[in-house]
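S.K.: Questions regarding the structure given below will be posed in turn.
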Amino acid sequence: MTASSEAIELARVAAVAASERLAEDVIAIDVSDHVVITDVFVMCSAANDRQVAGIVDAVEEAALKIKCKPLRREGEPANRWVLLDFGDVVVHVQVAEERIHYAIERLWKDCPLIELPESVNSPRSARS
């Protein structure tokens, strides 16, 4: 079983929106063979808690444009690690230190990565 095309589309939309708000190390992992409650984890890092909030807002706005509304938004007001749960896709936005500390992607190292648009992890100068 692999992630649905709708989940992959939402993951890519979320990744692009996060990248446009200068998120770093953006990845999307197809966890559908290992997790029952979701298909895809999107993970990214931010420099600080304000940037986490900005990235989360941008992802939510981009998802709403394709008629996807989060079921839950957790991790506020601290904004060190905010989770947006869209059902089939869960977006984790973490301050870089938190992401390094918890390294949750290592739990899913056997799962395939979803290919994201080239612009997502390109250097900032190339995004302009």
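Only the coordinates and a few stated rules stand behind these numbers; no lab work does. Please read these numbers as outputs of a predicted model, since none were measured by experiment. Ideal geometry is used to build each Cβ from the backbone, glycine not excepted, and the neighbour counts take in all protein chains shown.
S.K.: Take T38, T2 and order them by how many other Cβ atoms sit within 10 Å, fewest up front.
M.R.: Fewest-to-most Cβ neighbours within 10 Å comes out as T2, T38.
S.K.: Between L64 and L107, take the C-beta separation as r, use R0 = 22 Å, and let me know the FRET efficiency to the nearest 0.05.
M.R.: Calculated transfer efficiency: 0.15.
S.K.: Please report, in debye to the nearest 20, how large the charge dipole of segment 55-128 is about its Cα centre when each Lys and Arg carries +1 at its beta carbon and each Asp and Glu carries -1 there.
M.R.: The calculated dipole for segment 55-128 is roughly 120 debye.
S.K.: Once you charge only the Cβ atoms, +1 for Lys and Arg and -1 for Asp and Glu, what is the size of the charge dipole of the chain about its Cα centre, to the nearest 20 debye?
M.R.: Around 320 debye, computed over the chain.
S.K.: Of S122, S19, S32, how do they rank once you tally other Cβ atoms within 10 Å and put the fewest first? Walk me through the numbers before you get to the answer.
M.R.: Details: S122 11, S19 22, S32 18.
Ordered by Cβ neighbours within 10 Å, fewest first: S122, S32, S19.
S.K.: With point charges of +1 on the Cβ of Lys and Arg and -1 on the Cβ of Asp and Glu, referenced to the Cα centre of the chain, which listed residue (A23, S4, L116) lies farthest in the positive direction of the dipole?
M.R.: A23
S.K.: Hey, could you get me the Stokes-Einstein D for segment 1-88, Kirkwood radius over alpha-carbon pairs, 10 °C and 1.306 mPa s, rounded to whole µm² s⁻¹?
M.R.: It diffuses with D of about 122 µm²/s by this estimate.
S.K.: Apply the Karplus curve 6.51 cos²θ - 1.76 cosθ + 1.60, θ = phi - 60°, to the phi angles in segment 10-26 and return the couplings in whole Hz, x for Gly and Pro.
M.R.: Each residue's phi maps through the Karplus curve to give 4, 4, 5, 4, 5, 5, 5, 4, 5, 4, 5, 9, 6, 5, 10, 6, 7 Hz.
S.K.: With contacts defined as alpha carbon pairs under 8 Å and 6 or more residues apart, what's the relative contact order of segment 5-118 in percent?
M.R.: 31
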